[in-house]
1. Which of the strands (runs of 3 or more DSSP E) found entirely inside the range 106-171 contain at least 3 residues meeting this: in contact (Cβ under 8 Å) with a residue 40 or more places away in the chain, of a type in the set (A, V, I, L, M, F, W, C) and closer than 30 Å to Val21 by Cβ?
2. Which residues, taken from the range 592-602, are part of a helix (DSSP H, G or I), surrounded by fewer than 24 Cβ atoms within 10 Å (Cβ to Cβ) and not charged (D, E, K, R)?
3. In the list Ile361, Ile353, which residue meets the criterion of being more than 25 Å from Ser409 (Cα to Cα) and in contact with a Phe, Trp or Tyr (Cβ under 9 Å, 6 or more places away or on another chain)?
4. Restricting attention to the range 178-226, which residues are in a helix (DSSP H, G or I), of a type in the set (Asp, Glu) and surrounded by fewer than 21 Cβ atoms within 10 Å (Cβ to Cβ)?
5. Can Asp523 be described as without any contact (Cβ under 8 Å) to a residue 40 or more places away in the chain, of a type in the set (D, E, K, R) and either in contact with a helix residue (DSSP H, G or I) (Cβ under 6 Å, 6 or more places away or on another chain) or outside the structural domain of Arg588 (by TED's automatic domain parsing) (or both)?
6. Here is a list of conditions, (1) assigned to a strand (DSSP E or B); (2) of a type in the set (A, V, I, L, M, F, W, C); (3) out of contact with any Pro (no Cβ under 7 Å at 6 or more places or on another chain), and Ile27 meets all of them except one; can you say which number that is?
7. Which of the following residues is within 30 Å of Met276 (Cα to Cα) and either out of contact with any Leu (no Cβ under 6 Å at 6 or more places or on another chain) or of a type in the set (Val, Ile, Thr) (or both): Leu175, Leu225, Leu201, Leu217?
Amino acid sequence: MTRLFQSIGNLKGVGAKRQAVYAKLGILTPYDLLYYLPRDYRDYRDPVPVSETEDGVPAVVRAEIVSKRKPIYARGGLQIYGLEAVDADGTPLSIRFFNTPYTYQAMQVGESYTMYGKISVKGGVHEIHVPTVLKDSDIPIEAIYPQTTGLTSAMVRTNIKACLDMMDEAPFETLPPDIRAKYSLMPLPRAMHAIHQPENLEETAEARRRLAFEEMLRLQLGLHLLAERAARETDYPMEPSTDLLPFYESLPFSLTDAQQRAIEEITEDLCSGAPMNRLLQGDVGSGKTAVAAAACYFTAQNGLQSVLMAPTEILAGQHYQTLREFLDPIGVRVVLLTGSVKGKEKKAVYAEIADGTAQVIVGTHAVFQKAVEYAKLGLVITDEQHRFGVAQRAALAEKGGVPHKLVMSATPIPRTLALLMYGDLQVSILDTKPLGRLPIKTYAVAGKKLRPRVIRFMIGELQAGRQAYIVCPAIDEGDSELKAVTAYAEEMRRGLLAGWRIDILHGQMTAQEKDDAMRRFRDHESDVLICTTVVEVGVDVPNATVMLIEDAERFGLSQLHQLRGRVGRSGYQSHCILMTEHLTDEARERLRLMSSTSDGFELAQKDLELRGPGDFFGNMQHGLPPMKLASLTDSRMLHDVQEATEEILAKDPQLKKDEHHALYTDIVRLFAQQGENGLN
């Protein structure tokens, strides 16, 4: 087992260059390489008759060599090696190799070979160029690995064979025997052989099930250990008798039942004696900031400081203004700390934080820099936590003596996914919107002929003094047909939106350029913001009433819903228009759902069913081990894994028993690789 965990540079055939390529993929040991899983398989067991192959399409064929041509030495040093063959049906096949004499020389007249390569059919003559030739001793099903510069599937297969040999020399297992028996899971060595060197695809499916089960189990147990680690005593228990009435009376509106329930759950946690670890999950426009303000007020009344960290300067600025409106009138001091705060102003803010004058600190990642010293940091709030990651959240928490933590997310997450994503947090859900918000009218529009009509509708809103977003899925024009932000903006300035003030926003702009563009739009210095999905988490612009999403079929339901939430933030009637020119059945269903419901949680569940968990994990899993195989739409496996998790923890809450040692070691290693190193 030890050799599997040594440097992959010790593996035969892995030199410095290949080791560097593996390192970029996060593969540092032979054991890591075993989890570099095939993306597909090539099955040589069922060759296609040559007569049935198609021009330009790769195929597996089997044919007998009938003659070998003399090599041709062409200009430029090109060497062409040819063989003539015939398959079992008598169909001729020409074989060509270029500058590679070895396989040509090894192939013998009268022998039959199974080959894979691209077929060329010209004038009824079939040719196969530079095929992969299978020897009778080779594995009949070949694993195909993800393409990476400097690394071919053949290289990976060779290296993985050496890793499998190591595992065979000293077999080991990560799952307890009772769990494997109860859920009919393959032993780990057999699963690794079946997934990398399968004898049939049925056993590969069983191997994937075993590894997916373990992947989900590790995540569940790891999150439990995180929660256990956080459940020690806090240095800042708060008083249940703290009076929130001054806060409630100062509000210019009434809180919803969901907001009041969330505040009660949060204040109960703050007074429990253990550190709060809570996720405040609310759909767009559900009033999370008012709940956060209540938590900050409660904390201030207990003589403690709160931090609210946002992913961008402009969003931090928005939270700062909002919290000041809530808290200044009732005597709570709110300060702003971002990278743009410089010189004397920064020193003054640092001093207020250090002596406790600053009771609520709003900012970006600048709030957890080494130079920032807190007097008594009792509450840490992170907005859109998945854009920071577990490790950054922990770094800010270390600023205090085990402070309370509140995570705010506007991304609706299906319950099954939330259990895995935020297993170390309790969850509060805001499932109603504040009073006075009109539902956003959503329309799906197919066909470019209708675009002028859509733009005329938008102009009507602009003439009424409102503003509009246009979202495109690409930045610059290239091979793609997708609407490109820069080119689209120029086209609109010269055409349908001539005379209106147009600005652009995309991910390749600097942070300052993005902030400037959003500021201009917020202050109505521009009328239309043409942007990519970078606007998904943006500043609040109540005056914007139109969201036009081009190529809407390219987006998942959850992302469309997040984009739609940029409008509808005032008493004005708002509109979301989903434009598409490429309407597949799946796209039609997604756009129908978007037009028929504004419930983000319902849409998130549908998105999970339609597209799988990739979108959620792509945005949200920073700081957690990646999910390579587990499908979060597999309700049976989810149920089994949760059951297995409970069984293991009932017997061994800290995973300290010998039977759980390998599993515990694996969990610690995986979480440490993601920057979450507090499990050891």
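The values are calculated or read from the model by the stated rules, or taken from the named source; none is laboratory data. This one's a predicted model, so the numbers in the text were calculated from it and none came from an experiment. Backbone-built Cβ (ideal geometry, glycine too); neighbour counts: all protein chains shown.
1. Strands (runs of 3 or more DSSP E) meeting the threshold: 141-144.
2. Selection gives Leu593, Met594, Ser595, Ser596, Phe601.
3. Only one candidate qualifies: Ile353.
4. Residues satisfying the conditions are Asp178, Glu202, Glu203, Glu206, Glu215.
5. No; evaluated as a whole, the condition is false for this residue.
6. That leaves (1) as the condition not met.
7. Leu217
Residues are listed down the side, and each one gets a yes or a no for (1) free of Cβ contacts under 8 Å to residues at least 24 places away in the same chain; (2) not acidic (Asp, Glu):
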{"residue": "Ile27", "(1), (2)": "yes, yes"}
{"residue": "Asp32", "(1), (2)": "no, no"}
{"residue": "Tyr41", "(1), (2)": "no, yes"}
{"residue": "Arg45", "(1), (2)": "no, yes"}
{"residue": "Val48", "(1), (2)": "yes, yes"}
{"residue": "Glu52", "(1), (2)": "yes, no"}
{"residue": "Asp55", "(1), (2)": "no, no"}
{"residue": "Val61", "(1), (2)": "no, yes"}
{"residue": "Arg69", "(1), (2)": "yes, yes"}
